[in-house]
Amino acid sequence: MHIRVGYELRYECPQPTPMLLTLNLHYTRASDILVPDHIVTNPAVPITAYRDTFGNWCSRIVAPPGEICISTNALVKDSGLPDPVTPNAQQHAVEDLPSDTLVYLLGSRYCETDRLSEIAWSLFGNTPLGWGRVQAICNFVHQHITFGYQHARVTKTALEAYNERAGVCRDYTHLAIAFCRCMNIPARYCTGYLGDIGVPYSPAPMDFSAWFEAYLGGRWHTFDPRNNIPRIGHILIAQGRDATDVPISNVFGPNVLKSFKVWTDEVKQ
């Protein structure tokens, strides 16, 4: 299967404004890229790139005064299969976890493990270890939170999502991650593309999507508590502790995001 992915972001800045962009496809999808996702700016500005501490590919620009359009239009090869389900994946004892997974057990900006631990153990302490426990967490979060863009708030934390019982995909993801960490399961935040492939078409505007990966049985596994079914076409851009580590842009000065378009479409062959 081939999937067309891309975006068009239009910012207006009153002065020269540095920006950090996390918009390129993750290196784990490099061999699947058929048409590269080069960042294009109009007007053209110099772009320099670097890899952050989580392995994400990031770009630096200085937006000129006025309006700037940042876009890409790429083509990616995908298996066309839903996310793998591995019900026998086992949970590791904390002392047996690889060192590079331990950061994903800790609390972070949007995932307050200290404040959610008691709740997590009361809800999931009797669930089966491993895959079954993560799936129980996803089932709870999927049913507990009502989806709606009107509930979006960039400052909303996992605890606030739990208390308010409403949010968008990042809120489902933050709450599920926090619960996993409370139950001693490493979990990391993922952002990327997910289109309406293999599911009924949604007329709602497309956006970047959030899901998470849990470390079980010696590797990372994809879970999506917002949809809570294996989906086709999760295409990763970046991963980190939570949304703090993977924003599409960090803008260092006054700005207005004037328009925002994202697309993820299957290309019929």
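Restricting to region 51-82, count the residues that are among the acidic types (Asp, Glu) and within 30 Å of Ala187 (Cα to Cα). Before the answer, list the steps.
First, the residues of region 51-82 that are among the acidic types (Asp, Glu): 52, 67, 78.
Within this subset, residues satisfying the condition of being within 30 Å of Ala187 (Cα to Cα) are 52, 78.
Residues flagged as among the acidic types (Asp, Glu) and within 30 Å of Ala187 (Cα to Cα) within region 51-82 amount to 2.
Kindly indicate whether any position in region 64-74 is surrounded by 14 or more Cβ atoms within 10 Å (Cβ to Cβ), within 26 Å of Arg219 (Cβ to Cβ) and modelled with pLDDT of 95 or more. Outline the logic, then answer.
Here is the first cut: in region 64-74, the residues surrounded by 14 or more Cβ atoms within 10 Å (Cβ to Cβ) are 64, 67-74.
After this cut, where a residue has to be within 26 Å of Arg219 (Cβ to Cβ) as well, the list is none.
For region 64-74, residues surrounded by 14 or more Cβ atoms within 10 Å (Cβ to Cβ), within 26 Å of Arg219 (Cβ to Cβ) and modelled with pLDDT of 95 or more: absent.
Let me confirm something: among Trp211, Trp263, which residue is under 15 Å from the mean Cα position of the chain (by Cα) and aromatic (Phe, Trp, Tyr)?
Trp211
Only one of these is in contact with a Lys or Arg (Cβ under 6 Å, 6 or more places away or on another chain) and loosely packed, with under 15 Cβ neighbours inside 10 Å: Thr53, Thr48. Name it.
Checking each option against the conditions leaves just Thr48.
Let me confirm something: among Arg109, Arg115, which residue is surrounded by 13 or more Cβ atoms within 10 Å (Cβ to Cβ), within 27 Å of Phe54 (Cα to Cα), over 19 Å from the mean Cα position of the chain (by Cα) and outside the structural domain of Asp32 (by TED's automatic domain parsing)? Working first, answer last.
On the way: Arg109 fails: over 19 Å from the mean Cα position of the chain (by Cα).
Matching residue, one of Arg109, Arg115: Arg115.
Out of region 155-167, which residues are free of Cβ contacts under 8 Å to residues at least 24 places away in the same chain and either in a helix (DSSP H, G or I) or farther than 18 Å from Ala136 by Cα (or both)? Walk me through it before giving the result.
Step one: of region 155-167, the residues free of Cβ contacts under 8 Å to residues at least 24 places away in the same chain are 155, 160-161, 163-167.
Residues satisfying the conditions are Thr155, Glu160, Ala161, Asn163, Glu164, Ala166, Gly167.
Residue-wise test of (1) in contact (Cβ under 8 Å) with a residue 24 or more places away in the chain; (2) under 23 Å from His2 (Cα atoms); (3) surrounded by fewer than 24 Cβ atoms within 10 Å (Cβ to Cβ).
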{"site": "His174", "(1), (2), (3)": "yes, no, no"}
{"site": "Ala178", "(1), (2), (3)": "yes, no, no"}
{"site": "Cys182", "(1), (2), (3)": "yes, no, no"}
{"site": "Ala187", "(1), (2), (3)": "yes, no, no"}
{"site": "Gly195", "(1), (2), (3)": "yes, yes, yes"}
{"site": "Asp207", "(1), (2), (3)": "yes, yes, yes"}
{"site": "Trp211", "(1), (2), (3)": "yes, yes, no"}
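Quick check on Pro225: is it in a loop (DSSP other than H, G, I, E, B) and either at pLDDT 95 or above or hydroxyl-bearing (Ser, Thr, Tyr) (or both)?
Values: in a loop (DSSP other than H, G, I, E, B): yes; either at pLDDT 95 or above or hydroxyl-bearing (Ser, Thr, Tyr) (or both): yes.
Spelling it out, Pro225 is indeed in a loop (DSSP other than H, G, I, E, B) and either at pLDDT 95 or above or hydroxyl-bearing (Ser, Thr, Tyr) (or both).
The values are calculated or read from the model by the stated rules, or taken from the named source; none is laboratory data. Predicted, not measured: the structure shown is a model, and the values here were computed from it. For neighbour counting, all protein chains shown are included, and Cβ atoms are generated from backbone atoms with ideal geometry for every residue, glycine included.
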